[in-house]
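Novice: This is the structure I want to talk about, given as structure tokens.
Just so it is clear, none of the values below were taken in a lab; they were calculated from the coordinates. Just so it is clear, the structure is predicted and the values come from calculations on it, not from any experiment. For neighbour counting, all protein chains shown are included, and Cβ atoms are generated from backbone atoms with ideal geometry for every residue, glycine included.
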Amino acid sequence: MDVLDDILNTLDLRGALYFRTDFSGPWAVTVPDYEQAARFHLVIQGSCNITFSDGKDVTLTPGDIVLIPRGRKHILSDRAGRNAPPLEQVLENVGYKNEGVLVVGNKDEFASTQMVCGHFTFREKADHPIIKALPDYLVTTMVERLKEPWLDEMLRLVAQRMFSNQLGAEASVTRLSEIVFIELLRSAINKQGDLQNILIALNDKHIGRALQLIHTTPEAAWSVEKLAQEAGMSRSRFSERFSEMVGTGPMGYLSDWRLQKALAMLESSRTSVQAIAEKTGYQSPAAFTRAFSGRFGVSPTEYRKHA
């Protein structure tokens, strides 16, 4: 099993496209908070300044892409400091009908900024150390892309498809963007300490083995001793190294992951609560319901109705 695939599939990673932009002249727009999403902006032409609510800012040039993992509110503009009306107001002012290019300013102006903007969503209540370890924003420049052939190729395909105006272009970009998210994670190994540790753990000879077992058979009666034995390490050293690399202890990770698998099954299948309890390693439906309710604030049955 590819553990990263299992994580992203269980958390229900999905790409969604906002629009292609063509911004000219003095321009600025405030993009609102969207907590359960990771936003991205890929610059194709021109430049874009991004300012966050804490005052930090970054400027993107052609070929650069920014990932904003927790959907934080931010301002897009041709330069920092401009008055930036809310996105909804900008869309209303230009009469955007959720299709085609979002044009702001003089469309024929040469020095326009063209971008592909979209986001990735996760299942409600989705959680994992990888999500927690993501920075407030992650910028990948054109120069850095050249060191990541897969990522560079995917971004080139996104740009080509989005600007081709062919049938199915937006659908292609939406699906390609999910691959882009995965490649952005991989490319962050040398940039972000906490995220680096988790991604390295997936391929670690010892900790990676334990993660494989947890993800392949979460229903098994695992203990720290059993996982340490399978990983070929002493109990104390295994527990210490697992916590250092993953950011949580092995039993805490196992408990959280069982509940994430339960969320996925409750939402996407008709499997009974009793069967889900068995598949996720709980000795009884009652024990499962207590753990689920304690973690998410609703019972499994109530969650399923809401989902």
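Novice: Within the range 70-83, count every residue that is surrounded by fewer than 19 Cβ atoms within 10 Å (Cβ to Cβ) and under 23 Å from the mean Cα position of the chain (by Cα). Let's see the steps before the verdict.
Specialist: At the first step, the residues of the range 70-83 found to be surrounded by fewer than 19 Cβ atoms within 10 Å (Cβ to Cβ) are 70-73, 79-83.
Subset that is under 23 Å from the mean Cα position of the chain (by Cα): 70-73.
Going through the range 70-83 one residue at a time, the tally reaches 4.
Novice: Take the range 28-43 and flag every residue that is buried (at least 20 other Cβ atoms within 10 Å of the Cβ) and more than 26 Å from L263 (Cβ to Cβ).
Specialist: In the first step, residues of the range 28-43 are kept if they are buried (at least 20 other Cβ atoms within 10 Å of the Cβ); the result is 28-29, 31, 38-43.
Once the filter is applied, which keeps residues that are buried (at least 20 other Cβ atoms within 10 Å of the Cβ) and more than 26 Å from L263 (Cβ to Cβ), the range 28-43 yields A28, V29, V31, H41, L42, V43.
Novice: A further question follows. Select from the range 113-139 the residues that are assigned to a strand (DSSP E or B) and of a type in the set (A, V, I, L, M, F, W, C) and write down the one among them that is farthest from I179 (Cα to Cα). It would help to see each step written out before you state the result.
Specialist: Keep residues of the range 113-139 that are assigned to a strand (DSSP E or B), which gives 113-121, 138-139.
Next, from what is left, pick out any that are of a type in the set (A, V, I, L, M, F, W, C): 115-117, 120, 138-139.
Working: M115: 18, V116: 15, C117: 15, F120: 11, L138: 16, V139: 17 Å.
Looking at the filtered set, the residue picked out is M115.
Novice: Please pick out the residue among L42, L17, L67 that is closer than 27 Å to E144 by Cβ, in a strand (DSSP E or B), over 15 Å from the mean Cα position of the chain (by Cα) and not aromatic (F, W, Y).
Specialist: On the way: L17 fails: over 15 Å from the mean Cα position of the chain (by Cα); L67 fails: over 15 Å from the mean Cα position of the chain (by Cα).
Among L42, L17, L67, only L42 is closer than 27 Å to E144 by Cβ, in a strand (DSSP E or B), over 15 Å from the mean Cα position of the chain (by Cα) and not aromatic (F, W, Y).
Novice: I would also like to ask the following. Can you tell me which residue within the range 9-33, out of those that are among the small types (G, A, S) and in contact with a Gly (Cβ under 7 Å, 6 or more places away or on another chain), is farthest from L87 (Cα to Cα)? Talk me through it step by step, then tell me what you get.
Specialist: Just the residues of the range 9-33 that are among the small types (G, A, S), to begin with: 15-16, 24-25, 28.
Applying the additional criterion that residues be in contact with a Gly (Cβ under 7 Å, 6 or more places away or on another chain) yields 15-16, 24-25.
Working: G15: 20, A16: 17, S24: 16, G25: 17 Å.
Result: G15.
Novice: Could you list, in sequence order, the residues of the range 209-266 that are among the polar types (S, T, N, Q) and either over 30 Å from Y303 (Cβ atoms) or surrounded by 14 or more Cβ atoms within 10 Å (Cβ to Cβ) (or both)? Give the steps one after another, and end with the answer.
Specialist: As a first pass, look at the range 209-266 and keep what is among the polar types (S, T, N, Q): 212, 216-217, 223, 229, 234, 236, 239, 243, 248, 255, 260.
Passing the criteria: Q212, Q229, S234, S236, S239, S243, T248, S255, Q260.
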